[in-house]
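All remarks here apply to the structure that follows.
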């Protein structure tokens, strides 16, 4: 965890331990092996040659330990172990946290880490084994993972309440192409779906007048509230701002558009905790 996250403090926070506890464990391992595994430098940690040599063995041992736990849990019916989740912004911030609460209440021997990143990074994390499961707002063809539709989300176009489009009863594509557009970053599921909608309507996304790219839906809503342009965001993200009247939906025929959410699973076998969480997700999302 220290190697993956680049610092003792980050690893400690994610593991739910104190930083001194993590430091002592690493020091004990180094003393036992008689080598330095991690070079401590100002605000960062670098892996030594010995550390790089040990790391794949350590990862293999952890996988074997998980396999042993799965086998033993299968006898007792108990679900335990660690569940590493990766999710894109909408499911990671609005959907999974609520579902995790009930899952952990029923499986108190499972420890969970949830990382929020863009869709491409989620897929890479699951494919590499860094995450046991993922959830995204788009699938990526040719990825070394499995995608399954699970739940839905609505993407909607929004603008400031005093914007010229806000008073229109109906907006056409020509009017949209002329507007300053705020877009999610490349790799985002929201952006992938948005660009697909425009291509389907015969418009090259490159023809849109994109004035800003931002990394989260909340940042985009704030930019729209500030009058910087129009944007497409998840209805989950825009709900509060719409309720407050700081943004309004654009009456554009191509939006809102319903998009599926995707469960991302590895091609190999899943841990028992992973299988239990998938079953819980299926029940929670009505599949």
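Every read-out reported here was derived from the displayed coordinates using simple, explicitly stated rules and does not represent laboratory data. Owing to the predicted nature of the structure, the values given are computational and were not obtained by experimental measurement. As a convention, Cβ positions derive from the backbone with ideal geometry for all residues, glycine included, and neighbour counts pool all protein chains shown.
Restricting attention to the chain, close to 55% of DSSP beta bridges with both partner residues there are antiparallel.
Residues of the stretch 232-257 falling in the label zone of residue 170, defined by backbone nitrogen less than 13 Å from a point 7 Å along Cα to beta-carbon, are 251-254.
Mean-square fluctuations from a GNM of the chain, with a 10 angstrom spring cutoff on Cα atoms, peak among 213, 149, 243 at 243. What does the C-alpha gyration tensor say about the overall shape of the stretch 11-53? Classify as rounded when a/c is under 1.5, otherwise prolate if a/b is larger than b/c, or oblate. Because a/c hits 1.5 or more and a/b fails to exceed b/c, the stretch 11-53 counts as oblate. Relative to the longest principal axis of the Cα atoms of the chain, the long axis of helix 235-244 lies at roughly 60 degrees. What angle, in degrees between 0 and 90 and rounded to the nearest 10, separates the Cα long axis of helix 272-284 from the longest principal axis of the Cα atoms of the chain? The answer is roughly 30 degrees. Over the chain, dividing the summed -39,500 (n - 2.57) contributions of all DSSP H runs of at least 4 residues by the number of residues returns a 222 nm mean residue ellipticity of -13500 deg cm²/dmol.
Rounded, prolate or oblate: which one fits the stretch 23-135, using the alpha carbon gyration tensor with axes a ≥ b ≥ c (rounded when a/c is under 1.5, else prolate when a/b beats b/c, else oblate)? Oblate shape, in that a/c is at least 1.5 and b/c is the bigger or equal ratio. Modelled this way, with points 7 Å down the Cα-to-C-beta line, the labels at residue 32 and residue 4 are 2.0 nm from one another. Take every DSSP beta bridge whose two residues both sit in the stretch 152-260, then give the antiparallel share in percent to the nearest 5. Among the beta bridges of the stretch 152-260, antiparallel pairing accounts for roughly 55 percent. Under the classification rounded if a/c is under 1.5, otherwise prolate if a/b is larger than b/c and oblate if not, where does the stretch 152-260 fall, given a ≥ b ≥ c as square roots of the Cα gyration tensor eigenvalues? Because its axes are fairly even, with a/c under 1.5, the stretch 152-260 counts as rounded.
For the stretch 7-52, what relative contact order do you get, as a whole percent, if you take Cα pairs closer than 8 Å and at least 6 residues apart? Mind showing how you got there, number by number?
Numbers: 38 pairs, mean separation 12.9, N = 46.
The value is 28 percent.
Using a Förster distance of 30 angstrom, determine the FRET efficiency expected from the C-beta separation of residue 146 and residue 258, and round it to 0.05. Could the numbers behind the result be given before it?
Values: r = 22 Å, r/R0 = 0.74.
It comes to 0.85.
Between 0 and 90 degrees, the angle of helix 189-200 with respect to the longest Cα principal axis of the chain falls at about 40 degrees. Taking the chain as a Gaussian network of alpha-carbon nodes connected by springs under 10 Å, the highest mean-square fluctuation of the residues 136, 120, 78 belongs to 78.
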